[in-house]
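The values are calculated or read from the model by the stated rules, or taken from the named source; none is laboratory data. The structure displayed is predicted, hence computed values, not measured ones. Every residue, glycine among them, receives a Cβ derived from its backbone with ideal geometry; neighbour counts consider all protein chains shown. Quick note on the areas: whole protein, heavy atoms, side chains included, nothing else; ligands and nucleic acids left out. Shrake-Rupley method; radii C 1.70, N 1.55, O 1.52, S 1.80 Å.
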Amino acid sequence: MKQIWAWLHKQPGLLAVVVIGIIYCTYLPSTTYVGLHHDSRGYWDFAEKYFETGRFEFLSYFNIQRGYLFPLLLSPFTQLVVEAKMLPIEMTRYLGAATAALVFGWAGPALWQAVKGGPAVSLGRRLLFAGLGFVLWRDYFNFSLTDFPALFALAASLIALLRGRGVVSAVLAGVAVAAATNMRPIYQVALPAVGLLALVPPLGRAQWWGLVRGGALVLGAAAVLLPQAYTNSIHVNVRSPWVLTTMPGQPSLFLQQLEWGLRTQKYETTVGSDYMQAGMYFMDERGKAMWEATGLTEFSTASQYVQLCLGRPWRSMGVWQRHLFNALDVQYPTPYIQEVFVPTWPLAWLNYSLIFGGLLILLLRPWQRPRASWVRPALVLLALLLPCLLALLTAIECRFLLPLHLLLSAAVAFGATPLRWWRAASARARGLVVAGYVATVVSGFSASASAQKHLYKAPRDIWHTLPLHELLPAEEAQPW
């Protein structure tokens, strides 16, 4: 037993994955969800299509807005559910538990250690990271959604490039980053940063070795992207390796998202009975007025959006600022809210504290390292944050900024030493930090209260259980 314990002590990642997996396998079945909803139900239905002829057929599934890979990965489990006579959500809970264990127990800590250097993250700090993730995101793992799997794939790609020195690691990195883009097309914007990271030669290697690794990255990515190109060619005669998101000749989904982003501060989804419709639109009156002043019925080109923003720069920045705050303002630990009008201030308070602590660590710690060592960390940050920046232009949801959320959690879980800092800090520094924390929390609650009052026709109060006034009848419940 001593030998086993000593070995486990040297494998904090493995032990953390096991512990976190057990916790989620215990918790998720205790939740009150009885089925899959909306996108999660859609992904499960898509996965079933691979076997709808009675045997596996790759071309049986095609959806213009969803890549092939995530439904393909789910497809064997759809057959297992039938054989075992299970409900789909019973299976997706086990898959979600495995995803949570890998993200919080291995991927997050491994990426932090690969960027920062030094010894592996301890078991205690891994469990702290997982604890923060549990409080903020726990019910997401009931459902078959791409948010966490895609981020895991992106993180795995970055880890492979940072830790590996040879061709195999670069090929695996290409497979992983292509998987991320197929599951969440917005991660395409991270590709330049990932590509540059591959081109930076590992320490001790010649400059030309970076080109070899870049070629290996492309080769690995092609293994994932070519099947998408094949299915696009067969079904809609478009030779593209990317998820198209829009049928040829139809209005662009991204351009529609730009319009919706002007009209709304935030979007959430409810499956409960205390709100009249599934979509919760938090309206942005100033952004809506900005859109209506254009006289357009829709954006036909991205340049129209750029011209609109350049003509009203301060109002545009106000829209993006509200998107940023509301995407960071986690009010519910679930993608499918069962009760809208409940007090959410405890979770909000923890989240504002986490945002303050994470930003403080990320802004102060870089100055402790030489600039030359920050080429790779800077590229990692770009790969994680560029998708978040692009998402800020759209009808924002909290999960769209998941890389930033987990980065802040990781900074607190892996980098915080509050007692050591407090003992070493001067009275002035302590006062500044306390004042900054109080200002952050007060500002957060103030901004959140303002945003929540703009919930379409049913403003809510984060402190109480009732809407501020009577709900609009369901048949009238459309914001535009």
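Considering each of 224, 243, 238 in turn, give the residue that is part of a loop (DSSP other than H, G, I, E, B), within 28 Å of the chain's Cα centre (by Cα), within 29 Å of residue 69 (Cβ to Cβ) and aliphatic (A, V, I, L, M).
After ruling out the rest, the residue left standing is 243.
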- Query: How do the pairs read when you match residues in region 218-243 that are at negative phi with residues anywhere that are outside any loop (DSSP other than H, G, I, E, B) and open to solvent by 90 Å² or more (accessible area, probe 1.4 Å), using Cβ under 7 Å and keeping only pairs 6 or more apart or on different chains?
  - Reply: 220/172; 241/226
- Task: Residue by residue through region 387-441, note down the ones that are open to solvent by 60 Å² or more (accessible area, probe 1.4 Å) and aromatic (Phe, Trp, Tyr).
- Result: 421, 422, 437
- Can you confirm whether region 212-227 contains a residue that is at pLDDT below 95, closer than 16 Å to residue 170 by Cβ, open to solvent by less than 30 Å² (accessible area, probe 1.4 Å) and not aliphatic (A, V, I, L, M)? yes
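Before we move on, is residue 119 open to solvent by 60 Å² or more (accessible area, probe 1.4 Å) and either aromatic (Phe, Trp, Tyr) or under 30 Å from residue 417 (Cβ atoms) (or both)?
yes
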- Of the residues that make up region 68-86, is at least one modelled with pLDDT under 95, open to solvent by 40 Å² or more (accessible area, probe 1.4 Å), more than 20 Å from residue 185 (Cβ to Cβ) and not in a helix (DSSP H, G or I)? yes
- Item | Pairs with Cβ under 6 Å, 6+ apart, first in region 245-259 and small (Gly, Ala, Ser), second modelled with pLDDT of 80 or more | 252/246
- Residue among 385, 328 that alone is under 30 Å from residue 41 (Cα atoms), of a type outside the set (Gly, Ala, Ser) and free of Cβ contacts under 8 Å to residues at least 24 places away in the same chain: 385
- Looking at 161, 172, which one is more than 27 Å from residue 43 (Cα to Cα) and in contact (Cβ under 8 Å) with a residue 40 or more places away in the chain? 161
- Task: Just give me the residues in region 16-40 being assigned to a helix (DSSP H, G or I), open to solvent by 30 Å² or more (accessible area, probe 1.4 Å) and touching a residue at least 40 places away in the same chain (Cβ under 8 Å), in sequence order.
- Result: 17, 18, 19, 23, 25, 27, 29, 38, 39
- Query: Somewhere in region 406-420, is a residue farther than 22 Å from residue 134 by Cα, part of a loop (DSSP other than H, G, I, E, B) and either of a type in the set (Gly, Ala, Ser) or touching a strand residue (DSSP E or B) at 6+ places or on another chain (Cβ under 7 Å) (or both)?
  - Reply: no
